[in-house]
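Below is one structure, written out as structure tokens, with a few remarks after it.
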Amino acid sequence: MIPWGPLLVVVFVSSGATTIIAIVAALTGLTVHSPGWAALAPLAMWAPALGRFIALRTVDRGFTATLPLQRSGAGWGQIIVWPLVIPLGVYGMACGMAWIVGLAHWSPGGGRWTTGHRSPSISW
């Protein structure tokens, strides 16, 4: 049985938080290349964790953690770093696989950009 109450709390909190971050970025003119984005990106990545934390404290109090934070001597550094490293690793592997099969092109803007940072463009 799907726990709809906690699931809805996680979805609403995480999507609401990322929407607020997107609005703030749009209103302030931030792009992924702006220094300010370095502060907003981790907040967006942690939005689902915030949603789960709120769900645990409100509608899902009987939940026993599947991944306890008391992981056999792991320090807080690992607890904070791994949730950042794993999504970046998954993104990197996804871009690499897309490049291998020919979906990613490493010339954003159709090759018209000659300066600045370059990131992969995925085309379907």
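Among all residue pairs at least 6 apart or on different chains, which show Cβ distances below 6 Å where the first residue, located in segment 1-24, is touching a residue at least 12 places away in the same chain (Cβ under 8 Å) and the second is assigned to a helix (DSSP H, G or I) and charged (D, E, K, R)?
These pairs meet every condition: Val10/Arg52.
Testing Gly62 on (1) within 26 Å of Leu7 (Cα to Cα); (2) at pLDDT 85 or above; (3) surrounded by fewer than 10 Cβ atoms within 10 Å (Cβ to Cβ), one condition comes back false. Which one is that?
Unmet condition: (2).
Is one or more of the residues making up segment 97-105 among the β-branched types (Val, Ile, Thr), at pLDDT 70 or above and not in a helix (DSSP H, G or I)?
Yes; the residues of segment 97-105 include at least one that is among the β-branched types (Val, Ile, Thr), at pLDDT 70 or above and not in a helix (DSSP H, G or I).
The values are calculated or read from the model by the stated rules, or taken from the named source; none is laboratory data. Note that this is a predicted model, so its numbers are computed, not measured. Glycine gets a Cβ as well: all are built from the backbone with ideal geometry, and neighbour counts include every protein chain shown.
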